[in-house]
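Q: Before anything else, here's the structure in question.
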Amino acid sequence: MATIDSKIPEGPVAEKWTNYKAHQRLVNPKNKLKLDVIVVGTGLAGASAAASLGEMGFNVLNFCIQDSPRRAHSIAAQGGINAAKNYQNDGDSVYRLFYDTVKGGDYRAREANVYRLAEVSANIIDQCVAQGVPFAREYGGLLANRSFGGVQVSRTFYAKGQTGQQLLLGAYSALSRQVHEGKVKLFTRYEMQDVVMVDGRARGIIAKNLVTGKMERFSANAVVLATGGYGNTYFLSTNAMACNCSAAIAAYRKGAYFANPAFVQIHPTCIPVHGDKQSKLTLMSESLRNDGRIWVPKDIEDAKKLQAGTLQGKDIPEEKRDYYLERRYPAFGNLVPRDVASRAAKERCDKGFGVNNTGKAVFLDFSEAIQRLGKDVVAQRYGNLFDMYEEITNVNPYENPMMIYPAIHYTMGGLWVDYELQTNLKGLFAIGECNFSDHGANRLGASALMQGLADGYFVLPYTIQNYLADQSIWPAIKTDRPEFDEVEKSVNAKIDHLMGIHGKKSVDSIHKELGKVMWEYVGMGRTKEGLLTGLKKIEEIRNEFETDLFIPGSKDGLNVELDKAIRLNDFITMGKLIAYDALNREESCGGHFREEHQTEEGEAKRDDENFFYVACWEYQGDDKKEPVLSKEPLVYEAIKVQTRNYKN
Amino acid sequence: MDKNISFTLRIWRQNGPKEKGHFDEFQMKDIPGDTSFLEMLDILNEQLVEQGKEPVVFDHDCREGICGMCSLYINGHPHGPATGATTCQIYMRRFKDGDTITVEPWRSAAFPVIKDCMVDRGAFDKIMQAGGYISVRTGSAPDANNIPIPKQNADLAMDAASCIGCGCCVAACKNGSAMLFVSAKVSQLALLPQGRVEAARRAKAMVAKMDELGFGACTNTGACAAECPKSVSISNIARLNREFIKAKLKD
């Protein structure tokens, strides 16, 4: 097993980042002009990093798969962004945000990284307001806040139900300015295919021009991946259609550790699955849990009637409703963290209390809020979400309670990075959802936006300099080197192989099969037996993919099916990685629930003695071989590790 | 419960920007009413792939109405029949059994077709790059509550900022004007004290870029705002005109 150096700076947790900045190496302004950085991805992390690096003087090459940087899936985040501003005077502080995040992550995050995240959170709000992000305000003209799951203060800043959109547009503005200044070069409709390593360092990428179908080569002094998470491994998720894990898997195949892949977040408030033609699931913002109450009927007979469609939720009287979150978790009620809320919903539905025709839905009810606040206030707060719900389901949520069910939403696991956000491959950095470091086994609501922007605006632009200050990597390299030849050749060979299978099955049909296996065996409740079955079935799906895939058209020019096939190839590898990690982690923590490991009350039972570590998986040269596990032990200095308690 | 419907789908096919396009016609059978419009196209594409044919190309991504990627012109309306919704938010229950549904790409000189119903909206990025920002370096911002902003202005800025950059306004406009898009960004930033400093320069730069890129002139017909999936108000265009004239008068 390799030793893993997370490069955590000396000193007490509150001083580590200050110490780091005081002693890190910097690149002087003249030299910055000579250095190139590739940033793959234009979401919150990618756009903010590209813009900030450009402002500092570096030459940035920025890539995205959509037609514009503004389309990245950060745009869809609804609820808000956390920051330890304490504008509400409700006892918030950097320490409390740090503590809530570590606790919310079920004590599997890296302490030093999380503290830094909490520390820079306040700067993010300042930055965004200065960019013109129209956060919600009070009548006095100051910023408004709301509360999110897993915390007891109001520290979430928001812009209607479109916070992700506004933050991304802010970052996109900053990025656009750097494009105008000539410091960032944008490549839209390009997809990274592989990293190019030269003398043991990441020095470039091969990217596919999705319009021409041609491979193109790009070299730089460092490569930053900001390519998001791997939720689409499950086919149905709240991720956008093009979200994929191919860049991360490419890095993994080159030897980068993949950390904690089993930590997948299942969001409790999504619109339930219907039929088998669905392409994705729609999230209803967690902010709804501020005023909505979650319930199922107390009587199984009522549940049966709801499932048969002979009874409506609004007709069930108050005393026959089971507000199970308020019942089980009096202190946090409907605002328990996402993993807890999701499991509680599954528990009720598994027992037969589901409220729709599939039996896989619970109610999210606003009748009490409408009574208390009036319909207008509820409409003002959540109107756009209610409209969206009605368009999709044809049910008016002002009159009938919403139906929700958990769905795959976010992935806490990702490429392993050290304190500097560098992977174990020199010169290869990973930021935002693409890395693993800050959310442990469960992410709190409104923290993804915080982490993406923290990494991109305030962390990476510093830490990458410590790497770029190394003069041995300063000479620019040409892309006609044999290292580039070799990688491009292997990428083309893979594509020729896929095009040459000439089977019968479409990419989506195989991806759907993968999704079903993932959801059933590697989903919300996992068992050893199920995971072993899942691994076997994923391998069968790989065989099917390898022998029966059909891609129409040719590899020249735009070919959407080919691009999806390349991604699916990596999702299959990712699926196994999630299952291996879930199998190894013989405990329940956060989003990872092993049914063998639960308390008598059905809560997650951690095993700190044996699993207080980051699981780092290393590729063994072949997708069919089992990856090898290394462990980064977690060291907690500031926080006492406890059992999570949201009951009192 | 939603019913299943069957209908004729006429959809635009075009191999490249310089190629001649045509409509392909497909009979769609028993599509559930709770299928989204894009899921209906997924079904079509699955059928085409099964027959060994190339699927219809169209842009889409988030499928929840916020990324601005989807961009289909359905039965004469950009984003189809619903108001305040993007293509991906249209559900098949809005159509009737036996209907003929015609699907085209955005049509505008500034948005050339890439393939089938996918167009190049890179011009919007270029307009943004010309001035759609507040020049603030990372790390140089004052405390967020330093400058109180009247809630009314913040809310108006938010309404303008909800533009998703889909290009629907251009597709809806008989002149192919991008005024609603440009005015939304100019308004958002002009309404905020942080954005006032560069307001004049911004309005001029963005309008000049818009003209340069081949978008048409605005003749106040209002089709843009009527079709906008985010209901961005036409009053933003009035505000842009004010900002632009003020800026020009200063010159």
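Q: Can you give me the relative contact order of chain A as a percent, contacts being Cα pairs under 8 Å and 6 or more apart?
A: Details: 1432 pairs, mean separation 134.2, N = 648.
The value is 21 percent.
Q: Let me know the Rg and Dmax you get for segment B:121-187 when you use only its Cα atoms, in Å.
A: Just the Cα atoms of segment B:121-187 yield Rg and Dmax of 14.7, 45 Å.
Q: In segment B:58-86, which residues have a backbone nitrogen under 17 Å from the label point lying 7 Å from B:Arg93's Cα in the Cα-to-Cβ direction?
A: From segment B:58-86, the list is B:81-83, B:85-86.
Q: Which of A:Leu167, A:Gly452, B:Val232 sits closest to the plus end of the dipole of the protein assembly as shown, meaning its Cα is farthest towards the positive end, when Lys and Arg get +1 and Asp and Glu get -1 on the C-beta?
A: Final value for the positive-end residue is B:Val232.
Q: Subtracting the Cα-Cα distance from 0.36 nm times the residue separation, let me have the gained length for A:Leu142 to A:Asn584 in nm, one decimal.
A: On the way: separation 442, 0.36 × 442 = 159.12 nm, distance 4.89 nm.
So the chain would gain 154.2 nm between A:Leu142 and A:Asn584.
Q: Starting from one equal scatterer on each C-alpha and no solvent at all, send me the Debye-based log10 I(q)/I(0) for segment A:363-445 at q = 0.17, 0.25 Å⁻¹, two decimals.
A: These q points yield log10 I(q)/I(0) values of -0.75, -1.13.
Q: Right, something else. Hey, quick one: spin label on B:Phe23, modelled 7 Å out along Cα-Cβ, who in segment B:44-67 has an amide N within reach, i.e. under 18 Å?
A: Counting backbone N atoms under 18 Å from the label point, the list is B:56-57.
Q: Please go through the residue pairs A:Lys314/B:Lys3; A:Lys375/B:Lys230; A:Lys160/B:Lys185 and name each one whose alpha carbons sit more than 19 Å apart in this structure. Could the numbers behind the result be given before it?
A: Values: A:Lys314/B:Lys3 24 Å; A:Lys375/B:Lys230 22 Å; A:Lys160/B:Lys185 17 Å.
Flagged as over cut-off: A:Lys314/B:Lys3; A:Lys375/B:Lys230.
Q: Once the whole set of protein chains is in place, how much accessible area is left on A:Arg293, using a 1.4 Å probe, in Å² to the nearest 10?
A: 50 Å²
Q: Tell me the label-point distance for the pair A:Asp548, A:Asp496, using the 7 Å Cα-to-Cβ offset, in nm and rounded to one decimal.
A: 2.7 nm
Q: Can you tell which of B:Glu212, B:Glu50, B:Glu25 shows the greatest fluctuation in a Gaussian network model of chain B with Cα springs below 10 Å?
A: Result: B:Glu50 has the largest fluctuation of those listed.
Q: OK, next. Please report, largest first and rounded to whole Å, the three semi-axes of the ellipsoid equivalent to segment A:509-616, where each semi-axis is the square root of five times an eigenvalue of the C-alpha gyration tensor.
A: Values: eigenvalues 234, 35, 23 Å².
Whole-Å semi-axes of the equivalent ellipsoid: 34, 13, 11.
Q: Which net charge results when you count Lys and Arg as +1 and Asp and Glu as -1 among the other residues whose beta-carbon is under 14 Å from that of B:Asn15? List each step's numbers first, then the result.
A: Values: positive: B:Arg13, B:Lys18, B:Lys20, B:Lys53, B:Lys115; negative: A:Asp556, B:Glu19, B:Asp24, B:Glu54, B:Asp116.
My count for the surroundings of B:Asn15 gives 0.
Q: To continue, here is another question. Going by Cα centres, segment A:481-518 and segment B:187-251 are how many Å apart?
A: Cα centres, segment A:481-518 to segment B:187-251: 46 Å.
Q: Sorted from largest down, what three extents in whole angstroms do the Cα atoms of segment A:513-554 have along their principal axes?
A: 42, 16, 9
Q: Students often get this wrong: which residues of segment A:1-21 have the backbone nitrogen under 13 Å from the point 7 angstrom along Cα-to-C-beta of A:Glu637?
A: A:7-20
Q: Can you tell me the dipole magnitude for chain B around its Cα centre, using point charges on the Cβ only (Lys, Arg +1; Asp, Glu -1), in Debye to the nearest 20?
A: On the way: 30 positive and 29 negative charges, 273 e Å.
Roughly 1320 debye for chain B.
Q: Along its three principal axes, how long is segment B:40-104 when you only count alpha carbons? Whole Å, largest extent first please.
A: Over segment B:40-104, Cα extents along the principal axes are 37, 30, 18 Å.
Q: Subtracting the Cα-Cα distance from 0.36 nm times the residue separation, let me have the gained length for A:Lys512 to A:Glu326 in nm, one decimal. Write down the numbers at each step before the final one.
A: On the way: separation 186, 0.36 × 186 = 66.96 nm, distance 3.57 nm.
Residue separation times 0.36 nm, minus the Cα-Cα distance, leaves 63.4 nm.
Q: How many angstrom separate the Cα center of segment A:429-464 from the Cα center of segment A:293-353?
A: 34 Å
Q: Can you compute the helix-only [θ] at 222 nm over the protein assembly as shown? Use -39500 (n - 2.57) per DSSP H run of at least 4 residues, normalise by all residues, nearest 500 deg cm²/dmol. Mind showing how you got there, number by number?
A: Working: 28 runs with 325 residues, N = 899.
My calculation for the protein assembly as shown gives -11000 deg cm²/dmol from helical runs alone.
Q: When the C-alpha atoms of segment A:13-103 are aligned to their principal axes, what extent does each axis show, in angstrom, from largest down?
A: That works out to 46, 38, 23 Å along the principal axes.
Q: Still on this model: Take the alpha-carbon centre of segment B:43-116, take the same for segment A:577-605, and report the distance between them in whole Å.
A: 42 Å
Q: Hey, another quick one. How much FRET efficiency would the formula 1/(1 + (r/R0)^6) give for A:Lys277 and A:Ala22, where r is the Cβ-Cβ distance and R0 is 35 Å, rounded to 0.05? Show your work: numbers first, answer last.
A: Numbers: r = 57 Å, r/R0 = 1.63.
Calculated transfer efficiency: 0.05.
Q: Among A:Met388, A:Phe353, A:Phe363, flag the residue with its Cα farthest along the positive direction of the charge dipole of segment A:315-391, charges on Cβ as +1 for Lys/Arg and -1 for Asp/Glu.
A: So the residue furthest toward the plus end is A:Phe353.
Q: How large is the convex hull of the C-alpha atoms of segment A:70-165 per residue, in Å³? Present the calculation step by step, with values, prior to reporting the outcome.
A: Working: hull volume 10.3 nm³, N = 96.
Cα convex hull per residue, to the nearest whole number: 108 Å³.
Q: Give me the 1.4 Å probe accessible area per residue for the protein assembly as shown, excluding ligands and nucleic acids, in Å². Don't skip to the answer; put the middle values down first.
A: Working: 31460 Å² over 899 residues.
So the protein assembly as shown comes to 35 Å² accessible per residue, rounded to a whole number.
Q: Separate question: Each label point is 7 Å from the Cα along the Cα-to-Cβ direction; what then is the distance between the points at A:Asp315 and A:Glu539, in nm?
A: 5.3 nm
Q: While we're here: Could you work out, residue by residue across A:271-278, how many beta carbons of other chains sit within 10 Å of that residue's beta carbon, and then give the average as an integer?
A: Numbers: counts 1, 0, 0, 4, 5, 1, 10, 6.
Shielding by partners across A:271-278 averages 3.
Q: Another one. So if we plug the beta-carbon distance of B:Asn15 and A:Arg481 into 1/(1 + (r/R0)^6) with R0 = 41 Å, what FRET efficiency do we get, rounded to 0.05? Could the numbers behind the result be given before it?
A: Numbers: r = 36 Å, r/R0 = 0.88.
Rounded to the nearest 0.05, the efficiency is 0.70.
Q: If you don't mind, another one. Express in Å², to the nearest 10, the accessible area of B:Leu249 obtained by rolling a 1.4 Å probe over the protein heavy atoms while all chains stay in place.
A: 140 Å²
Q: Could you sort A:Tyr115, A:Tyr139 by their accessible area in this structure, using a 1.4 Å probe and putting the largest first? Each step should come with its number before you reach the end.
A: Working: A:Tyr115 25, A:Tyr139 190 Å².
These residues rank, largest area first, as A:Tyr139, A:Tyr115.
Q: Take the alpha-carbon positions of chain A, form their convex hull, and give its projected area averaged over all directions (one quarter of the hull surface) in nm². Provide the component values of the computation, followed by the final result.
A: Working: hull surface 110.0 nm².
About 27.5 nm², averaged over all directions.
Q: When the dipole is taken about the Cα centre of the protein assembly as shown, and only Lys, Arg (+1) and Asp, Glu (-1) are charged at their Cβ, what size is it in debye, to the nearest 20?
A: Details: 110 positive and 111 negative charges, 463 e Å.
So the dipole magnitude of the protein assembly as shown works out to roughly 2220 debye.
Q: If you take every residue apart from A:Ala83 with its C-beta less than 14 Å away from the C-beta of A:Ala83, what net charge results, scoring Lys and Arg +1 and Asp and Glu -1?
A: Working: positive: A:Lys85, A:Arg96, A:Arg116, A:Arg146, A:Arg155; negative: A:Asp90, A:Asp92, A:Asp100, A:Glu119, A:Asp126, B:Asp143.
Residues near A:Ala83 contribute -1 overall.
Q: A drop of at least 50 square angstrom in accessible area, chain alone versus all protein chains together, probe 1.4 Å. Which residues of segment A:50-74 meet that?
A: Listed by number, the residues meeting the 50 Å² cut-off are A:Glu55, A:Asp67, A:Arg70, A:Arg71.
Q: Largest first and in whole Å, what are the equivalent-ellipsoid semi-axes of segment B:174-251 based on the Cα gyration tensor, each being the root of 5 times an eigenvalue?
A: Taking √(5λ) for each eigenvalue gives 20, 15, 10 Å, largest first.
Q: List every residue whose amide H lies under 5 Å from the amide H of A:Cys270, counting only residues 5 or more places away in sequence or on a different chain, with H placed 1.01 Å from N in the peptide plane.
A: A:Met284, A:Tyr405, A:Ala407
Q: Nearest 100 Å² is fine: what is the total accessible surface buried where chains A and B meet, probe 1.4 Å?
A: Working: alone 24540 and 13030 Å², together 31460 Å².
Its buried surface, counting both partners, is about 6100 Å².
The values are calculated or read from the model by the stated rules, or taken from the named source; none is laboratory data. Computed from a predicted model, the values in this text were never measured in an experiment. Positions of Cβ are backbone-derived with ideal geometry, glycine not excepted, and every protein chain shown enters the neighbour counts. For accessibility, only protein heavy atoms count, side chains too; no ligands or nucleic acids. Shrake-Rupley method; radii C 1.70, N 1.55, O 1.52, S 1.80 Å.
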